[in-house]
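Encoded as structure tokens, the structure appears first; notes follow it.
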Amino acid sequence: MNNHLRFAGLVILVVIFVGTGLVAILGGSVARQTIRISDGTSLVNPLYGELQSNSSIGYEEDFSGWHLSDVTSDIGPALISRNDSATLKGIIANASTPTTAGIIKDVNVDITSFPVLEVNLVVSEGIHYGIRFFGLYPNSTMSKIWWEGSPLDHRPGVGREQLRVNMPRQVFLATGRGVSQIVRLEIYVESGPNNPTTFTLELEDIQFSSYPLTTVIEHQRYRAIYIDMGTENINGPWSLYRIQLGVSLDAEPGTSFEFLLLKGYQLYTTSVTPISYKYSSFARDYDIAFYPSESDGVFQEMLPKSNVSMVMVALGGALNSVKLNYLDLIFLPSQDSNLNVSVPSLGFYYVYLLFFLFLLPVGLAIIVYHEFFQRQSIVRWGVWVVLIVGLICRLALAPVTSHPFDMKVLLTSARGWFQYGSTRVSQGPTLPLTFLVYWIPYSFYALLLELGLKDLFLPWSVSGVFESLFIKLFPITADVLVFMALLFFKKSGKSLVWATFFFLNPLVIFASAVTGHYDSALLFLVLIGSTWLSSGKPIKAGAAFVASSLLQLLGFVPYLLTIIKTGLDRGYRLSLILISVGLLTLVYPPQRELSFRILLSILGVTNSSQFSAGEYTLLGSFGLTEPVSKFHILLIVGGLILICVYVDSAKKPLQASTILLYTCVSALAFLLLLNLPSEWIWLIPVGLLYASMVDNSKLGVYILPFGTASCFFLVSLVGSAYYLLGSNSQPILGSIEGARNGLLIFNLITTVLGALFFAYLKGSKSNTSHTLIRSSIIILGAYCTFYFWVGVFVS
């Protein structure tokens, strides 16, 4: 077996060497067929900005002339006008139908000259309100210039609120035409049926203003800075996928800002976190990956001078200066969004997914458990059966399934390098050096293209069949390496079972073969580092942990704990060497900057919805995102973990198993407190290696139902059609995938899974078969409870 392992390692090294050479040789040489990258800096005019000061006011509210309107019978309103405010207050009876009351006023405002509406008001909670406008067309007829779906309609009362709206754009969205004059304002409150309450709406200010747009110079205070772009004309079926831009900026401390795209009156926000950024003087350079997503939200600033512009808007504070370093427009082939797939075909695709993702691997894993768990040595034919079946499952799923968004990110990086020789497009949520590892197996696909390969593209797929397979070879290979690492950590039947519970785990197969995620590579390095640490090789272990942190920052956890261990053991020279190895992560500037920005987000210095208690956490589901971020709960948990490490070290020297234990606990804390729904795979290999180190069979057998359930709930949350057909518009199994409050159910059940994992960290001598059955029953019972309680009975 060792000979086979050495041969496999030699083959992998040769493939890596050849692939790296092909990456260097073929960069920029492949025909430009599947991506278009346009350098937008040649289109950009000098940057200009909207000043915070020197505004011109065209209308300012004097609080006279308001009167009641549209009052229903079950509401008793009163209008109180003063010199500095107008207040609508009253009592809503317990009516069986909706109730409304409004105030209305005739005005005369030229919104062409004074386009920015600013409103300050206070609305009590428990009711809704809205602001509506009436305009005058050129033929002198008056008409409404609002629509029911407007973000200024049916707003919940939240107390004091400040609204700012560009009115020409808002009017165009409502009418489809330009209107230059507003002649009437209306503000209303409304309440649903059976909602008796008192209410107050206090209007404190309304004004229409214009702000000067000037060329950007330093030491000015700007509300917004505009990057004018020309219209890019691309022939053929191409659509704008992403805008990649690099900026260097100076801003006031505490300034938050976001990027928007305007095409005429169409507003686009980015569909990927982070949506907004918080300025830090420690990180003045930003590489922004902007994924355009059309929005009906309000635009708060002056409209740009040109038809197409990127706009950088200060949400708080002020921008002082911005320098544009680069601007790339990335186009991908357009896809048919109106796929017509028959019901029998949907059923076949769903059964295909279930068989290779769940039925075949889990069934074989259970057989391996029953056949080999009690054996004293590894059976060679058992290893080959597990390896072959695991590869069959992955190779069956990889070409025909994908996470469309993540696959586009990977393809943009690979296509950008091999077709344009560009590394700038390898930016985004993934650390830049990670993309390089994907290029190595992809280089063989690039070579086949150069030799004349004609790939097959399914109608709904974002990639070719062979292309999808080659781009996923990196995570699939990493799966094999983790399998080998677990298999030979201890040469016993249990080692084969733990390695099988990883390699045939549905969540692992899903991560590598369906989504193409690289978590297994990160975790392989963590496992190898932990193995070296247990063998008394801390420098090699530290190097492995540092290498894992180049892929994802989870690797810094065992790395930091290893430095602490060597320091507590008075190995100060070793600690210095380990710190020096960690400094290598700072060599590549894009890697350094993104890692630093992620670290600032995790520490709470800057804000990011990905590194906070967002919608994919139980705390986020109950509206506790802000308190968690405000009180830095993750830092508190991290501090408690370090205290526990110190206490354990006072009892006896830290062991590799202890460091792996706290890595498990840290990963669990990340998953429960941060917005990382796809990363539950972290717990599988580190949990299995810890179970092997300390002979915790109870935890080891739990990993199979844990991964199976996690995968099923993740697929059910997003919808299998998304991974099969690139669309989540038609759930294949609607009774489960279309469950009400599906996100809350997911957060509840993953919290239960995490709690069970934490409980099983404390090993016992209980019957492992009982643990396997008991944990499966608990998970199934919890899911059924949440499904009927939250999905059926909770509105």
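The values are calculated or read from the model by the stated rules, or taken from the named source; none is laboratory data. Small disclaimer: the values here were computed from a predicted structure and weren't measured. Cβ coordinates were reconstructed from backbone atoms using ideal geometry, including for glycine residues, and neighbour counts include every protein chain displayed. All accessible areas refer to the heavy atoms of the entire protein, side chains included, with ligands and DNA or RNA removed. Shrake-Rupley method; radii C 1.70, N 1.55, O 1.52, S 1.80 Å.
Database remark: amide H of residue 272 closer than 5 angstrom to the amide H of 291 (H placed geometrically; neighbours at sequence offset of 5 or more, or on other chains; Pro and chain starts carry no H). Cross-link reach is defined here as a Cα-Cα straight distance under 17 Å, omitting same-chain residues fewer than 8 places apart; for residue 565 the lysines meeting it are 537, 540, 651, 652.
Counting heavy atoms of the protein chains alone, residue 490 has an accessible area of about 80 Å² for a 1.4 Å probe. The local environment of residue 257, defined by Cβ-Cβ distances under 11 Å, has a net charge of 0 under the rule Lys, Arg +1 and Asp, Glu -1. Within the accessible area of the range 651-795, the carbon and sulfur atoms contribute 65%, probe 1.4 Å, all protein chains present. Phi-derived couplings, Karplus 6.51 cos²θ - 1.76 cosθ + 1.60 at θ = phi - 60°, listed residue by residue for the range 479-491: 4, 4, 5, 5, 4, 5, 4, 6, 5, 9, 5, 9, 8 Hz, with x used for Gly and Pro. Computed over protein heavy atoms with a 1.4 Å probe, the carbon and sulfur contribution to the accessible area of the range 178-269 reaches 44%. Please report the carbon-and-sulfur percent of the accessible area for the range 384-455; probe 1.4 Å, protein heavy atoms only, DNA, RNA and ligands left out. On the range 384-455, the fraction of accessible area on carbon and sulfur atoms equals 71 percent.
Where both residues lie in the range 101-228, what percent of DSSP beta bridges are antiparallel, nearest 5? Expressed as a percentage, antiparallel bridges in the range 101-228 total about 100.
Averaging the Cα positions of each part gives two centres, and for the range 149-205 and the range 696-736 these lie 42 Å apart.
For the set 384, 682, the ranking by accessible area, highest first and with no ligand, DNA or RNA atoms included, is 384, 682 under a 1.4 Å probe. Given the protein chains as shown and a 1.4 Å probe, how many square angstrom of residue 82 are accessible, to the nearest 10? Surface open to solvent at residue 82 totals about 120 Å². Here's the list of lysines a cross-link from residue 494 could span, going by alpha-carbon distance under 16 Å and ignoring same-chain residues fewer than 8 apart: 698, 765. Across q = 0.09, 0.11, 0.16, 0.19 Å⁻¹, the range 51-205 modelled as identical point scatterers on its alpha-carbon atoms has Debye log10 I(q)/I(0) values of -0.30, -0.44, -0.92, -1.23, in the order of the q list.
Take each of the peptides 87-99, 523-535, average the number of other beta-carbon atoms within 10 Å over its residues, and list them starting from the highest.
523-535, 87-99
The magnitude of the dipole of the chain, with charges of +1 and -1 set on the Cβ of Lys/Arg and Asp/Glu and taken from the Cα centre, is near 3460 debye.
The local environment of residue 296, defined by Cβ-Cβ distances under 15 Å, has a net charge of 0 under the rule Lys, Arg +1 and Asp, Glu -1. Peptides 318-329, 637-648, 713-724, ordered by how many other C-beta atoms sit within 10 Å of their residues on average, highest first, read 713-724, 318-329, 637-648. Between the alpha-carbon centres of the range 541-578 and the range 19-75 there is a gap of 43 Å. With θ taken as phi - 60° and the Karplus curve 6.51 cos²θ - 1.76 cosθ + 1.60 applied, the whole-hertz 3J(HN,Hα) list for the range 177-192 is 8, x, 10, 9, 10, 9, 10, 7, 10, 9, 10, 9, 10, 8, 9, x Hz, x standing for glycine and proline. Only protein heavy atoms count here; under a 1.4 Å probe, residue 670 has an accessible surface of about 40 Å². Shape of the range 469-561 from the C-alpha gyration tensor: oblate (a/c of 1.5 or more and a/b not above b/c, with a ≥ b ≥ c the square roots of its eigenvalues).
Dividing the alpha-carbon radius of gyration of the chain by the rule-of-thumb value 2.2 N^0.38 Å gives 1.06.
Non-local amide H neighbours of residue 86 (under 5 Å, H modeled in plane, Pro and chain starts lacking H): which ones? HN-HN under 5 Å from residue 86: 203.
Working note: Karplus 6.51/-1.76/1.60 with θ = phi - 60° gives the range 142-152 the couplings 9, 8, 5, 10, 8, 9, 4, x, 4, x, 8 Hz, where Gly and Pro are set to x. For the chain, the solvent-accessible area with a 1.4 angstrom probe is 42 square angstrom per residue.
Over the chain, dividing the summed -39,500 (n - 2.57) contributions of all DSSP H runs of at least 4 residues by the number of residues returns a 222 nm mean residue ellipticity of -14000 deg cm²/dmol. Centre-to-centre, using Cα atoms only, the range 669-686 and the range 416-456 are separated by 28 Å. The convex hull of the Cα atoms of the range 410-536, projected and averaged over all directions, covers 9.7 nm².
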